[in-house]
Structure formats: C-alpha cells, structure tokens
Amino acid sequence: MSDIDTEQYLIKQQPYYHEVGGEVAMYQAAYDVRMPVMLKGPTGCGKSRFVEYMAWKLQKPLITIACNEDMTASDLVGRFLLDINGTKWQDGPLTVAARIGAICYLDEIVEARQDTTVVIHPLTDHRRQLPLEKKGELVNAHKDFQIVISYNPGYQSLMKDLKQSTKQRFGGMDFDYPDGEVEVEIVAHEGGVEKALAEKLVRVAHRSRNLKGHGLDEGMSTRLLVYAAQLMSKGVDAEQACKMALVTPLTDDPDMRDTLDAAVATYF
C-alpha cells in the first residue's frame, strides 16, 4: 500500500506537553518493544495531548479514532464501496495504521461496543495481524505499528467497561490532573494569561474536584481551565469566562451551579 500518503498523519509541529512523572521515558520503552498501551485518566487531563507529543517525538504517523457506540467493526477495518466502476475496497483507519506503521490511538474506547473492539485483539499479541474477512486478506502489521487506547475509569459501569480479555493485552499508564504548580504553568502557557490568573483558575478547579461524587461526576478539567484562560486573554470578563467555560459545561443542577459560581466569585 505504498500509495498511502503517510505525510498527512505526521505531527509537523511540536505539541506543548509538560511531563509530570517519567511518562515520556516509560512510553518510549513501551514503543520500543511495540507494547500496546492503555492510558487511564479523567476527561481533559492530557491523555490525547500526550499521545500527540509522543508521535511527534518518535516521528511516527498518528491516526486517531474517536470511539462511539455506533461504531462498527467495518468502521475500523474497512468495507466494500460501490462506485461507477463497481465495488472497491476501502481500508478503515485501523487497517491504514497497520499497513503504514502508524500509532493508532483509539480515544475513549469504552464508548465503543465490545463486539467492535474485539477486532483489535489479533493486533495486540504476538501475531500482530488484522484479518480482513470480507476481503479475504490477512494484513501483517508494519514493524512500527502500535495501538494506544484511552478511557476514563470514572465512567466505568457494567455496560461500559473493557473486557478482561482486552485489558490484559495492554500495558497501562495512569494519568491524572497535574499537581498545582505544573497545572498553573500549563494553563498560563496554553491560555495566554499571567501566572497569577492561572493560579486562580486552578484553585477554582480544585474546589470543583473536591465535589466529585458529591453532586458532580467530574471536576473541572485542565482543558476547561485553558478554555477559560483563552476567553480572558481575549478580554472576556473573568466571571463570564468561568461561567461559559467552567460552570455551564459541568452541570445542569441549579444548586451545584450556585456552588461553583460561589467558588468562582471567591477568586474573581
């Protein structure tokens, strides 16, 4: 499949990523042995940015798949399409990644049905193969190919969790929101605001994270803090920016919104 343009999947510019605990070297070692990797952590804590950074650092193509409950195995591996000349096969993103030696990143994999995700199993053990049953082809993965998956353990349930037969094919890395000072640096850099303002946003976030399990499913993510900072950098009033980027997306409960608004008012 030399006609696939791998350039389109390369990360050309270095993504901003602040290492917090040796995860870069750990991932590098996992990639060196082509170990499938599972990233666990809350929404918006930097999992996807980390994968982009590592793809850039390793200079490998990156193909990202946003998993959802309507995704079928054919959406991953490919299907026959009808055109003016008849039927032709079109590879899915997983097949393309296996052919060209890309890092294939399945984001929020628990959103996909379990009968869909089992198609990755032959690629995650010693076989490193992908059977295209409809086409009658067996794709042997390129030597550079690697699978990375991510999910948020906080949303695990009986209906939305990975099978043990899937989990035990991966090495696991835990992610969480960065420590205070590191998160302040990230918000200041990505949001384009002064450190003092970033510190206030992080304090608001810490208040919200203490409410997880007490009215909130999730606290404010680092991603949302960056959004609020970006709004402020464009001249939006601080409280309005926080309302739009931090409070409204997080909950519809009036009492919880009042609590979060009060936290915002404490610092702004």
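Derivation of every value follows stated rules applied to the coordinates shown; laboratory data play no part. The shown structure was predicted, so the numbers you read here are calculated from the model rather than taken from an experiment. Ideal geometry is used to build each Cβ from the backbone, glycine not excepted, and the neighbour counts take in all protein chains shown.
Using alpha carbons only, how many degrees (0 to 90, rounded to 10) separate the axis of helix 254-267 from the longest principal axis of the chain? Here the helix axis deviates by roughly 70 degrees. When GluC sites (Glu not before Pro) are flagged only if DSSP places them in a loop and at most 16 other Cβ atoms lie within 10 Å, the longest unflagged stretch of the chain comes out as 195-268.
Rounded to the nearest 0.05, the FRET efficiency derived from the C-beta distance between Ser74 and Gln240 at R0 = 35 Å is 0.20. Can you tell me the 0 to 90 degree angle between the C-alpha axis of helix 47-58 and the longest principal axis of the chain, rounded to 10? The helix 47-58 is inclined about 60 degrees to the chain.
Restricting the chymotrypsin sites (Phe, Trp or Tyr not before Pro) of region 11-43 to loop positions (DSSP other than H, G, I, E, B) with no more than 12 neighbouring Cβ atoms within 10 Å leaves Tyr16.
For Lys200, a cut-off of 16 angstrom between C-alpha atoms picks up these aspartates and glutamates, skipping any fewer than 8 places away in its own chain: Asp179, Glu181, Glu183, Glu185, Glu190, Asp237, Glu239, Asp261. Extending 7 Å from Cα along the Cβ direction at Gln28 and again at Lys160 yields two label points whose distance is 3.6 nm. The calculated Kirkwood hydrodynamic radius for region 1-97 is 15.8 Å, given to one decimal from all distinct C-alpha pairs. With a Förster radius of 35 Å applied to the beta-carbon distance between Asp125 and His189, the computed FRET efficiency rounds to 0.30. Taking each residue as 0.36 nm, the span from Asp253 to Leu81 lengthens on full extension beyond its C-alpha to C-alpha distance by 57.3 nm.
Taking R0 as 30 Å, what's the FRET efficiency between Trp89 and Arg113 from their Cβ-Cβ distance, rounded to 0.05? After rounding, the FRET efficiency stands at 0.80. Using a cut-off of 32 Å between Cα atoms, the listed pairs Lys88/Lys167; Lys163/Lys212; Lys12/Lys134; Lys12/Lys195; Lys134/Lys167 include Lys88/Lys167; Lys12/Lys134 as exceeding that distance. You can think of it this way: the chain between Phe268 and Gln59 has 71.0 nm of extra reach, that is 0.36 nm per residue less the Cα-Cα gap. Against the longest alpha carbon principal axis of the chain, how many degrees, from 0 to 90 and to the nearest 10, is the axis of helix 23-32 turned? With rounding to tens, the tilt is 0 degrees.
Within the chain, what is the longest stretch that has no trypsin sites (Lys or Arg not before Pro) placed in a DSSP loop and near at most 10 other beta-carbon atoms within 10 Å?
Segment 13-142 is the longest.
Where both bridge residues fall in the chain, DSSP classifies roughly 35% of the beta bridges as antiparallel. Would you tally the net charge around Asp32, using a Cβ to Cβ cut-off of less than 14 Å, leaving Asp32 out, and scoring K and R as +1, D and E as -1? Cβ neighbours under 14 Å give a net charge of +3. Taking Lys and Arg as +1 and Asp and Glu as -1, the other residues whose beta-carbon sits under 13 Å from that of Glu190 total +1. Which residue, Asn68, Asn140, Asn85, has the most motion in a Gaussian network model of the chain that connects Cα atoms within less than 10 Å? Greatest mean-square fluctuation among the candidates belongs to Asn85.
For region 35-77, the residues whose backbone nitrogen is under 14 Å from a point 7 Å from the Cα of Asp174, taken along Cα to Cβ, are 39-42.
With only Lys, Arg, Asp and Glu charged, each at its Cβ (+1 for the first two, -1 for the last two), find how big the charge dipole of the chain is about the Cα centre; round to the nearest 20 debye. Present the calculation step by step, with values, prior to reporting the outcome.
On the way: 30 positive and 39 negative charges, 157 e Å.
That gives the chain a dipole magnitude of about 760 debye.
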